[in-house]
């Protein structure tokens, strides 16, 4: 793979190594090459210490590789400065966390609008776009509710709307159902399937096989390397 990546790829990793110096060097990722196609739905699994979080941090522009290149939406984010990487993170990456990470004193609409503030989008446009995205995740009637007035599933929907508001190249989800009961988790996975059907690119870390089986393929990591890539027969099995 070239350092510029494929035009059909949302993300391309080429011979990526990430080494931490903790006494002896620790190779969190050891020569990983990977392409995430645009419009694909990929799950990442592996035991603790396999490199899942490091992979997400590199793709999410939260860290840089020791060696190799990471290309996000045709931009090599491993070869740019912190300020430019922060801009790309805000514009090209949507994050969904297990713990929601909502601002408690902001309404659902204000939480979703927050990423647009940093892009300099005007207040009226922010309010309109936030309402539109909340409507798309089934929360059109909860625009002015605070997080503590929402259920866990509704809070995660707000978090997903916030991740989508800048129309990112890729949606990164880290254990998105980890803090939800089984029924609510199933509803959130149904929403991810809807997002995939609408053409969003999704990369999701999970330790649950049942959750991973909602994806098109599963990347299995072990000791910082790709152990295997498993193609699944269909989304939402």
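The values are calculated or read from the model by the stated rules, or taken from the named source; none is laboratory data. No experiment lies behind these values; they were computed from the predicted model shown. Here the Cβ is made from the backbone with ideal geometry for all residues, glycine too, and neighbour counts use every protein chain on show.
Among the residues of the stretch 110-152, how many are under 25 Å from residue 89 (Cα atoms), under 23 Å from the mean Cα position of the chain (by Cα) and not in a loop (DSSP other than H, G, I, E, B)?
18
Considering only residues that are touching a helix residue (DSSP H, G or I) at 6+ places or on another chain (Cβ under 9 Å) and without any contact (Cβ under 8 Å) to a residue 24 or more places away in the chain, look in the stretch 41-77 and name the one that is surrounded by the most Cβ atoms within 10 Å (Cβ to Cβ).
Looking at residues that are touching a helix residue (DSSP H, G or I) at 6+ places or on another chain (Cβ under 9 Å) and without any contact (Cβ under 8 Å) to a residue 24 or more places away in the chain, I get 77.
Any idea which of 58, 34 is in a helix (DSSP H, G or I) and either over 18 Å from the mean Cα position of the chain (by Cα) or at pLDDT 95 or above (or both)? Can you show your working first?
Values: 34 fails: in a helix (DSSP H, G or I).
After ruling out the rest, the residue left standing is 58.
Assuming residue 100 fulfils every condition listed in (1) surrounded by 19 or more Cβ atoms within 10 Å (Cβ to Cβ); (2) at pLDDT 95 or above; (3) within 21 Å of residue 191 (Cα to Cα) apart from one, which condition is it?
For residue 100, the failing item is (2).
If you go through the stretch 132-146 one residue at a time, do you hit one that is at positive phi, surrounded by fewer than 21 Cβ atoms within 10 Å (Cβ to Cβ) and at pLDDT 95 or above?
yes
Just give me the residues in the stretch 200-216 being surrounded by fewer than 15 Cβ atoms within 10 Å (Cβ to Cβ) and in contact (Cβ under 8 Å) with a residue 24 or more places away in the chain, in sequence order. Show your work before the answer.
Here is the first cut: in the stretch 200-216, the residues surrounded by fewer than 15 Cβ atoms within 10 Å (Cβ to Cβ) are 207-210.
Residues satisfying the conditions are 207, 208, 209.
Conditions (1) buried (at least 22 other Cβ atoms within 10 Å of the Cβ); (2) free of Cβ contacts under 8 Å to residues at least 12 places away in the same chain; (3) at positive phi, marked per residue:
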{"position": "122", "(1), (2), (3)": "no, yes, no"}
{"position": "171", "(1), (2), (3)": "yes, no, no"}
{"position": "185", "(1), (2), (3)": "no, no, no"}
{"position": "198", "(1), (2), (3)": "no, yes, no"}
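With respect to residue 94, determine if the residue is touching a strand residue (DSSP E or B) at 6+ places or on another chain (Cβ under 8 Å), modelled with pLDDT under 95, crowded, with 19+ Cβ neighbours inside 10 Å and not in a helix (DSSP H, G or I).
Numbers: touching a strand residue (DSSP E or B) at 6+ places or on another chain (Cβ under 8 Å): yes; modelled with pLDDT under 95: no; crowded, with 19+ Cβ neighbours inside 10 Å: yes; not in a helix (DSSP H, G or I): yes.
It is false that residue 94 is touching a strand residue (DSSP E or B) at 6+ places or on another chain (Cβ under 8 Å), modelled with pLDDT under 95, crowded, with 19+ Cβ neighbours inside 10 Å and not in a helix (DSSP H, G or I).
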